[in-house]
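What follows is a short report on a single structure.
The values are calculated or read from the model by the stated rules, or taken from the named source; none is laboratory data. All values reported here derive from a predicted model rather than from experimental measurement. Note that we place each Cβ from the backbone using ideal geometry, even for glycine, and neighbour counts take in every protein chain shown. These accessible areas exclude ligands, DNA and RNA; they are computed on the full protein's heavy atoms, side chains included. Shrake-Rupley method; radii C 1.70, N 1.55, O 1.52, S 1.80 Å.
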Amino acid sequence: MVPNSSTPSLRLSDPVQFVKGIGPVRAQALEEVGVKTVEDLLYYFPRRYLDRRNVTPISGLRIGEAATVLARVVGQGIRYTRRRKFLQVTLTDESGTLACVWFHGIEWIQKRFHVGDRVAVHGKVEFYKHLQMVHPDFDLLELDEDPLNTGKIVPLYPGTAGLKAKGLDSRRFRRVVQACWDRLSSVSDHFSSDFRSQYGLPDLSETLKQIHAPDSEEWTDRARHRLKYDEHFFLQLLMALRRKALDDYPGRKFPELGPIVSEIYRSLPFQLTDAQVRVMRELRADFQSGRMMNRLLQGDVGSGKTVIALLAAAIVAGAEAQVAVMAPTEILAEQHYRAFRELTKDVDLPLELLTGSTPKTERAEILDALASRRVLLLVGTHALIQEDVAFGDLALIIVDEQHRFGVMQRGRLMEKGVYPHLLAMTATPIPRTLAITYHGDMDTSVLDEMPKNRGKVTTRVVEPDEIDIVYQLVRQEVDQGRQCFVIFPLISESETGDLKAAKEGFHHLRDEIFPSLEVGYIHGRMKGTEKEAVMEAFQAGKTHVLVSTTVVEVGIDVANATIMVVENAERFGLTQLHQLRGRIGRSLLGGHCLLIKRGGGDEAARRLAIMENISNGFEIADEDLKLRGPGELFGVRQHGFEKMRLANLVSDGTIIRAARKAAFSIINQDPNLSRREHQPIKQVLMQKYRHQLDFVTIS
Ligand code: ADP
Ligand code: MG
């Protein structure tokens with residue numbers, strides 16, 4: 001790889017068009033996948049490799065499983081079913097034949113295959129008259145690239161239709177990347193050689209060469225490991241910087257429990273669980289430390305987080321300072337408000353509720369009392385972060401169901417105090433490896449024990465033809481004085497179709513199925529006062545069956561509700577179903593959760609079966625994570641995780657822990673990254689992670 005002396009050498013920051021083989025048209029297509037510079041191109045990694053380890057002979061294919069096949073094109077043509085036109089390409093290797101079928105993009109795909117071509121296809125194996133793959137991923141290979149004959153490892157790149165249409169298939173990518181290296185001698189490493197040998201990491205230049213053209217199978221693993229390490233390292237460095245900034249903030253001390261806490265404690269209708277007692281001890285240590293509390297309280301649905309929130313609030317309010325409790329929905333805010341009022345009725349803890357539906361004049365009075373510190377505890381929704389909501393002395397912020405809020409929303413509430421303590425609560429159980437990245441700058445407390453007074457909840461997936469059994473069970477429970485939720489999917493509040501279905505479902509249930517029962521209906525688009533009335537009626541036991549969209553998903557606490565019917569359960573995510581199911585079984589009575597499956601095929605059946613078998617939220621979250629990936633689950637984008645290419649927040653536990661240790665140790669010794677050996681690290685941080693540096697001071 002001697003740089004050609006007649007062409008000027010290439011820099012990482014040069015536009016990708018400087019690379020041989022890329023003209024304006026291809027540059028445009030590359031820009032659409034985020035590749036603008038030479039560096040971007042080097043960081044556009046293969047999605048997969050073809051090597052001896054992972055190619056399956058056609059005779060060894062298993063129906064229903066995904067596989068990569070290396071074969072020769074022996075025929076192709078347009079065919080017709082009764083209704084549709086499709087392209088069929090027939091492949092063969094020594095062991096058998098395989099048909100590949102496309103229903104879309106027929107014209108341009110057909111042009112790419114010629115009889116005699118060597119190709120690699122990857123897809124799920126099906127059987128329909130013969131072995132076939134529908135819409136497989138495909139790559140054309142050069143004659144000397146057959147890993148089975150040449151022992152080479154061939155990288156396959158993530159190709160979009162846009163790229164492939166401009167001729168940027170894997171074969172072209174391999175050439176283009178090679179062309180880069182012809183004019184680029186090396187890439188400087190942000191890690192010193194000492195650091196690399198300490199953590200067993202290969203050099204960056206070599207890594208970037210090997211990831212695109214591995215010399216051996218061992219190198220594919222080493223290169224991936226190094227690049228994953230880099231991704232985790234910089235995220236953890238951000239966490240370390242945030243953590244350092246927080247540790248520097250002064251935290252107001254609240255060393256005493258105070259009389260209000262003791263009084264509330266005495267009047268609790270139950271004993272705290274051991275886990276609750278432990279968490280209270282952790283919170284008290286924060287209040288005594290002189291540092292700002294920055295704590296995440298994790299606890300499965302029903303583990304009793306609300307009472308912790310109240311006790312923490314009472315410690316602060318007992319010292320005459322103010323507390324804000326923010327919940328994601330009006331229903332939940334109202335419920336907290338009612339619960340808090342009930343539990344504080346014998347003590348002097350001035351308490352108010354502020355939501356989007358608080359009437360104007362009342363709102364003005366609350367704001368006035370808030371500014372003059374006549375209200376010490378304010379419960380509410382997003383309404384709390386409005387500009388004109390000003391506290392006299394806000395010292396503690398509690399965010400319930402915190403995963404429902406963005407970092408910015410939390411930040412805006414924090415700005416209303418001077419270094420207020422933060423207690424964030426969530427029932428979305430986050431696997432440990434993910435948590436140290438996602439909440440890597442927070443301390444965590446876990447409620448890992450359920451209150452003792454809980455019965456068993458059984459879950460069953462039900463087919464539509466068994467629906468009568470479901471309704472019968474509902475009647476039985478109601479006859480015994482219990483109550484029932486019927487949930488309809490409403491994926492977004494703007495889905496008018498879904499809302500119509502829920503409303504029709506409600507009419508059907510009220511008028512035809514349960515004419516002798518009281519059936520209520522609630523959805524997110526109702527006015528605040530209406531919602532409140534419906535919830536109050538249900539809570540008071542006046543309504544037997546509550547038909548609802550997912551507005552009851554979070555937090556709702558009605559101990560007498562023992563049965564839940566979820567319509568079109570296949571449309572819900574597992575974590576969401578777990579949250580919903582958490583609305584029942586909140587007492588010794590236990591409960592029944594019936595998931596009505598009206599579609600979604602085998603895949604949905606497999607997913608829903610997980611609900612039948614697992615009741616632990618952490619395990620369900622793990623399964624959900626495997627099925628959906630972290631992005632969708634945790635609103636990962638706002639944390640800058642979109643920079644992740646190879647890193648896997650779930651399965652890279654070992655790398656994450658190593659990278660975290662190294663990053664925290666660097667910031668410990670050199671908080672501003674001012675030492676000479678840390679300059680290159682600082683440079684990468686400033687260049688690539690600029691947008692994530694907002695909460696961090698680094699001089
Ligand atoms: P979550 O953690 O899901 O927010 P909640 O705080 O709503 O759970 O608590 C669920 C129910 O359990 C509430 O009715 C609450 O009063 C009750 N509860 C909380 N702690 C205990 C306890 N230690 N023993 C018995 N019941 C409890
Ligand atoms: Mg709750």
Scan around Val457 for amide H atoms under 5 Å from its own, H built in the peptide plane at 1.01 Å from N, and keep only partners 5 or more places away or cross-chain.
Gly591
Potential extension, Arg690-Arg676 segment - 0.36 nm per residue separation minus Cα distance
3.0 nm
Stretched out fully, how many nm does the piece from Glu218 to Ser516 gain, at 0.36 nm a residue minus the Cα gap?
100.2 nm
Asp602 versus Lys36, label points 7 Å from Cα toward the beta carbon: distance in nm?
4.5
May I ask for the equivalent-ellipsoid semi-axes of the chain, computed as the square root of five times each C-alpha gyration tensor eigenvalue and listed largest first in whole Å?
52, 37, 21
Here the relative contact order (percent) of the stretch 457-615, from C-alpha pairs under 8 Å and at least 6 apart, is 33
Any chance you could run the full-extension gain for Arg525 through Ala165? It's 0.36 nm times the residue separation minus the Cα-Cα distance, nm to one decimal.
125.1 nm
Scan the stretch 217-316 for GluC sites (Glu not before Pro) in coil per DSSP, keeping those whose Cβ has at most 16 other Cβ atoms within 10 Å, and list them by number.
Glu256
Estimated 222 nm signal from helices in the chain, with DSSP H stretches of n ≥ 4 weighted -39500 (n - 2.57), rounded to 500:
-12000 deg cm²/dmol
Would you mind getting the accessible area per residue of the chain, heavy atoms of the protein chains only, 1.4 Å probe, in Å²?
46
Trypsin sites (Lys or Arg not before Pro) restricted to DSSP loop in the stretch 75-114 with at most 15 other C-beta within 10 Å
Arg82, Arg83, Arg84
Please list, in chain and number order, the residues 5+ apart from Leu546 or on another chain whose amide H is under 5 Å from its amide H, with Hs placed from the backbone.
Cys484, Phe485, Val486, Gly520
Cα-projected label distance for Thr654 with Lys85, points at 7 Å along beta-carbon direction, nm:
5.3
Residue-wise, which Karplus ³J(HN,Hα) couplings in Hz belong to the stretch 191-204, taking 6.51 cos²θ - 1.76 cosθ + 1.60, θ = phi - 60°, and x for glycine or proline?
9, 6, 5, 4, 4, 5, 6, 4, 9, x, 10, x, 5, 5
Taking the Cα centre of the chain as origin and charging only Cβ (+1 Lys, Arg; -1 Asp, Glu), how large is the dipole, in debye to the nearest 20?
1560
Tally Lys and Arg at +1 and Asp and Glu at -1 over the other residues with C-beta under 10 Å from the C-beta of Arg373: what net charge comes out?
-1
Note down the net charge around Ile153, summing +1 for each Lys or Arg and -1 for each Asp or Glu among other residues with Cβ under 10 Å from its Cβ.
-1
Quote the FRET efficiency, to the nearest 0.05, computed for Thr92 versus Ser205 with a Förster distance R0 of 30 Å and r equal to the Cβ-Cβ distance.
0.15
Give me the percent of accessible area attributable to carbon and sulfur for the chain, probe 1.4 angstrom.
49
When the Karplus curve 6.51 cos²θ - 1.76 cosθ + 1.60 is applied with θ = phi - 60°, which whole-Hz ³J(HN,Hα) does each residue of the stretch 473-479 get, with x for Gly and Pro?
5, 4, 4, 4, 5, 5, 4
What GluC sites (Glu not before Pro) does the stretch 54-139 have in DSSP loop regions with at most 16 other beta carbons within 10 Å?
Glu65, Glu94
Which order do Leu297, Leu272 take by accessible area at a 1.4 Å probe, largest first?
Leu272, Leu297
Where does the longest stretch of the chain lie that holds no chymotrypsin sites (Phe, Trp or Tyr not before Pro) found in a DSSP loop with 12 or fewer other Cβ atoms within 10 Å?
271-699
Tally Lys/Arg at +1 and Asp/Glu at -1 over every other residue whose Cβ is under 10 Å from the Cβ of Arg278; what's the total?
-3
Virtual paramagnetic centre 7 Å along Cα→Cβ of Tyr419, amide N under 12 Å, in the stretch 282-312:
289-293
Provide Met535, Met414 ordered by accessible surface of protein heavy atoms (probe 1.4 Å), highest first.
Met414, Met535
